[in-house]
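Heads up: the structure comes next, in structure tokens.
Nothing in this text is a laboratory measurement; each read-out follows from the coordinates by a stated rule. In this text, all values refer to a predicted model and were calculated from it rather than measured experimentally. We place every Cβ from the backbone using ideal geometry, glycine too, and count neighbours over all the protein chains shown.
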Amino acid sequence: MNVVATPQIPTTPAGPELIAALRALLGEKGLLTGVEDMRPFLTDWRGQLTGSAVAVARPSSTEEVAGLVRLCAAAGVAIVPQGGNTGLMGGATPYAHHAGIVVSMGRMNRVIEVDPLGYTMTVESGCVLQTLQELAAHHDRLLPLSLGAQGSCTIGGNLSTNAGGAQVLHYGNTRGFVLGLEVVLPSGEVWDGLKALKKDNTGYDLKHLFIGAEGTLGIITKAVIKVWPKPKDVATAWICIRDPQAAVELLSEAHTASENSVTSCELMNRTNLDGVFRHVPGCVDPLPAGESPYFLLMEWSSALPKAGVMAGRMEEFLGAAMERGLVLDAVIAQSEGQAKAMWHIRESHAEAGRHDGPGASYDISVASSRIPAFIEDASRAVRAVLADVRPGPMGHMGDGNLHFNFKAPIGMSAEQWRQYKPAVTRAVNDLLRDYGGSISAEHGIGSEKVGELAHYADPVKMATMRAIKRALDPQNLMNPGKIFEV
Ligand SMILES: Cc1cc2nc3c(=O)[nH]c(=O)nc-3n(C[C@H](O)[C@H](O)[C@H](O)COP(=O)(O)OP(=O)(O)OC[C@H]3O[C@@H](n4cnc5c(N)ncnc54)[C@H](O)[C@@H]3O)c2cc1C
């Protein structure tokens, strides 16, 4: 396990007086100080980073969050906000010598209001995403944020990372479905922006500052989120495609053929799929004899309850694409169970990656039509660093977002791989700069990409972000050392 390297963060240790005051505010249930009790909050989901804290606070209301932030601000003690701790960039993991506290939002998990008529839900930020998806479905609505960690990530974490997932190409990312927020600022003041307004041009739209801020500007305590009609007629297909160029063409044509109803289009690759089938129980290959290493998981959805219409159209579309050689083979799910099994394979990629030997995964984006060229150029660039590296490009094809995995050559130790990794990262990110791409499409910066952001980001953007950070958090106590180099 790696210990998170500690940048020079000016931080005062949380002393006994502060701990006593926090205990008085939060009660026994609301403050953990035992080593074993705190352990799950100090290690990231991948098990690759571990940090420390004097205490883990578990507030149960906005007033408690505001109170604890005020106490920490007065004592000059740093805070690391945390939701479900499933982030992949180390944003929720404290640094190794963090002497402050972690604020875990899991107890703020109440639903305040569901308004199916107005298509909104008002919730506390510690609600687990899957619970909210199920609640929306119960009201015949869809919360269209879907990702592999949905059983444990929280809506507050989703907002703070501006999470993407598998339906962005149709519904947009998290930023697009937030109407209002309540946020505790680093001063302990509460900003009440908890409004269900679609239109509100009264100056700066502050909510967008906190969405994607990774807990560096304040703690999100409540949100009003938008929901959609629940899909009733869904067609899901597992498709073996000729190559990535075929994927781009197929998706482009599918938008029209489906009458703009493509809700997901995920690219997968044989290298990664083999890892899933090896390491994740219950995953069965829908097309074991696929003649190409590239596969798509495509979904078309309609809110109209016309069972089978979508599948019929999709079958016709894929049949025609097969005749033209874009598609080599395909299977359309015949039941919800089969569709779920296909999605389980897709969503198990991150889990499989944990067990499949050394390697690196880059969460990148380029213009979606340039994905095929990028796959080729990046594979070539990384092979120039390490000839036998095994590229495994996969991800949210429709968003131009790849989780581009590079597995170490077979037999290479983790220690050896670590020596090559900086050069691999440089090769991928230099190419992204040339492509006008992004070094972080949806996972954020956290602690993991701080150096890369400083290296590649536009200097004016960085200076503006720093000015905002200083204005809201002059003591640099809110998740210090994340996003920015100190
Ligand atoms: C198997 C798997 C699949 C994944 N798939 C995707 C995917 O498809 N798309 C995607 O975008 N991500 C994906 N992720 C990453 C992760 O699930 C998301 O980033 C998620 O949004 C994090 O939510 P969380 O509650 O776990 O946040 P955490 O990991 O706890 O925190 C993430 C960041 O948000 C901050 N934060 C958390 N809660 C708050 C709050 N209430 N107020 C202020 N700051 C806060 C933290 O300080 C940290 O910087 C995946 C992760 C896993 C493990």
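Observations, loosely collected:
- Taking the three principal axes of the alpha carbon atoms in region 1-104, the coordinate ranges are 35, 27, 22 Å, sorted in descending order.
- Projecting label points 7 angstrom from Cα along Cα→Cβ for A471 and D434 puts them 3.8 nm apart.
- The percentage of C-alpha pairs in the chain whose separation is greater than 33 Å is 39%.
- Only alpha carbons enter this Debye calculation for region 111-229, each as an equal point scatterer, and the log10 of I(q)/I(0) it gives at q = 0.10, 0.18, 0.21 Å⁻¹ is -0.26, -0.88, -1.22.
- When peptides 145-157, 341-353, 247-259 are sorted by average Cβ neighbour count within 10 Å, with the highest value leading, the order is 145-157, 341-353, 247-259.
- With each label modelled as a point 7 angstrom along the Cα→C-beta vector, the H455-E485 pair spans 1.1 nm.
- For region 392-486, fraction of C-alpha pairs farther apart than 24 Å, in %: 35 percent
- In angstrom, the C-alpha Rg and Dmax of region 233-350 are 13.6, 39.
- The magnitude of the dipole of region 357-435, with charges of +1 and -1 set on the Cβ of Lys/Arg and Asp/Glu and taken from the Cα centre, is near 160 debye.
- For region 25-76, the extents of the C-alpha atoms along the principal axes are 33, 24, 18 Å, listed from largest to smallest.
- About the Cα centre, charge dipole magnitude for region 111-229 (Lys/Arg +1, Asp/Glu -1 at Cβ), debye: 300 debye
- Sorted peptide list for 406-416, 468-478, criterion being average Cβ within 10 angstrom, highest first: 468-478, 406-416
- Taking 37 °C and 0.692 mPa s as conditions, region 315-388 diffuses translationally at an estimated 205 µm²/s according to Stokes-Einstein applied to its Kirkwood radius (Cα pairs).
- Counting Lys and Arg as +1 and Asp and Glu as -1 over every other residue whose Cβ lies under 10 Å from the Cβ of R242, the net charge comes to -2.
- Close amide H pairs (under 5 Å, H built 1.01 Å from N) link A330 with C240, residues at least 5 positions away or on another chain.
- Once the chain from A20 to D377 is taken as fully extended at 0.36 nm per residue, the excess over their C-alpha distance is 122.8 nm.
- Ranked list, fewest to most other Cβ atoms within 10 Å of each Cβ, for F210, F484: F484, F210
- In order through region 193-206: 3J(HN,Hα) via Karplus (6.51 cos²θ - 1.76 cosθ + 1.60), integer Hz, x for Gly, Pro: x, 7, 10, 9, 9, 7, 10, 6, 9, 9, x, 4, 8, 4
- Each of the peptides 447-453, 313-319, 14-20 was scored by the mean count of other Cβ atoms within 10 Å over its residues; in descending order, highest first, they stand as 447-453, 313-319, 14-20.
- Computed over every Cα-Cα pair of region 173-266 and binned at 5 Å starting from 0, the pair-distance distribution P(r) comes out as 2, 10, 17, 15, 10, 9, 11, 12, 8, 4, 1, 0 percent.
- Within region 82-173, the ratio Rg/Rh, alpha carbon atoms throughout and Rh by Kirkwood, equals 1.01.
- Gain in span if fully extended, V280 to E259, counting 0.36 nm per residue against the direct Cα distance: 4.0 nm
- Amide H to amide H, with H built 1.01 Å from N, I112 comes under 5 Å of T122, V123, E124, counting only residues 5 or more places away or on other chains.
- Of the cross-linked pairs K222/K469; K207/K449; K232/K340; K195/K226; K207/K469, those separated by over 19 Å at the C-alpha level are K222/K469; K207/K449.
- Taking N as the residue count of region 357-435, its C-alpha radius of gyration divided by 2.2 N^0.38 Å amounts to 1.04.
- Note, ³J(HN,Hα) from phi for region 407-417, Karplus 6.51, -1.76, 1.60, rounded to Hz, x at Gly and Pro: 8, 4, x, 4, x, 6, 7, 4, 4, 5, 4
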